[in-house]
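Before any comments, here is the structure.
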Amino acid sequence: MRANWPDDDEPKPAPQPLRRIQALVNTVERPDGADRLADPSDARPWMIANGLLAPSAELTAADLALAIEVREALRALLIHNAGGPRPGPEAVAPLQRIAAKGRLQAAVGDGGVVTLRVDGDSVADRLAGLLPVIRDGQRDGTWALLKACGNDECRWVFYDSSRNHGGTWCDMASCGNKLKNRQFRARRRADGPSGQVPHQGGGQRAQPVE
Ligand SMILES: [Zn+2]
């Protein structure tokens, strides 16, 4: 068992209950880091602790595959929140599947507070229980602040609590500058086969930040 998993120390945590979505999507450190859902013996305790598996239940291969599909569908939505492309039909299909199967029930608590919960205890039902969280966030504006990092090799999910809500990177130092460097190099390549930056009338070109 690893001592530390990708989301153990979340640098930009979302408020609950959106944090549940963030935790699921951040179970893997892309592109080639640890994946908490890769192995059932690691995935089972995590899913129980995060309410996605009943404590007494076994974790089947199909359940685990579904959780990973839903994780990646959510990531596609959160890439869109960060200004990326709108998720297509294939990207949202896993969410539509759990939505079609889940039976939502309204409950009215003391004081008249209305909540929605999923009737059922399977992994699919519990994953469907994330849908009202998304829906509430879409209505109160917090969903739009949950974003996948703009670095396509990273896509770590962060909550954008910056004042202008214009955050693009999970971390400026590790991802923002990396991408700026890449764009800088691409521009340089496009500028000439020698890789030299043509002199442009004494104008200063942006220098990459290491
Ligand atoms: Zn990142």
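Annotations
- The residue pairs whose first member lies in the stretch 84-99 and is closer than 19 Å to ASP152 by Cβ, whose second member is outside any helix (DSSP H, G or I), and whose beta carbons are closer than 8 Å, counting only pairs six or more residues apart or on different chains, are GLY84/ALA148; GLY84/GLY150.
- Matching option when the condition is free of Cβ contacts under 8 Å to residues at least 40 places away in the same chain and among the polar types (S, T, N, Q), among ASN4, ASN26: ASN4
- Listed by position, the helices (runs of 4 or more DSSP H) inside the stretch 109-210 whose residues that are at pLDDT below 75, away from the ligand (no atom under 14 Å from the Cβ) and surrounded by 11 or more Cβ atoms within 10 Å (Cβ to Cβ) number at least 3 are 177-191.
- Cross-chain or 6+ apart pairs with Cβ under 8 Å, the stretch 153-181 first and basic (Lys, Arg), then at pLDDT below 95 and within 7 Å of the ligand (Cβ to nearest atom): LYS178/ASN151
- Annotation note: of GLU72, GLU90, the sole residue that is under 18 Å from the mean Cα position of the chain (by Cα), in a helix (DSSP H, G or I), surrounded by fewer than 11 Cβ atoms within 10 Å (Cβ to Cβ) and assigned by TED's automatic domain parsing to the domain that holds GLY141 is GLU90.
Residue by residue, here is whether (1) farther than 20 Å from PRO17 by Cα; (2) among the hydrophobic types (A, V, I, L, M, F, W, C) holds:
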site	(1), (2)
ALA57	yes, yes
ARG75	no, no
ILE79	no, yes
PRO87	yes, no
ALA106	no, yes
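- Scanning the stretch 18-37 for residues that are part of a loop (DSSP other than H, G, I, E, B) and open to solvent by less than 70 Å² (accessible area, probe 1.4 Å) yields a total of 6.
The values are calculated or read from the model by the stated rules, or taken from the named source; none is laboratory data. Note that the coordinates shown come from a computational prediction; the quantities given were computed from them, not determined experimentally. Neighbour counts run over all protein chains shown; Cβ positions are idealised from the backbone, glycine included. Accessible surface areas use protein heavy atoms only, side chains included; no ligands, DNA or RNA. Shrake-Rupley method; radii C 1.70, N 1.55, O 1.52, S 1.80 Å.
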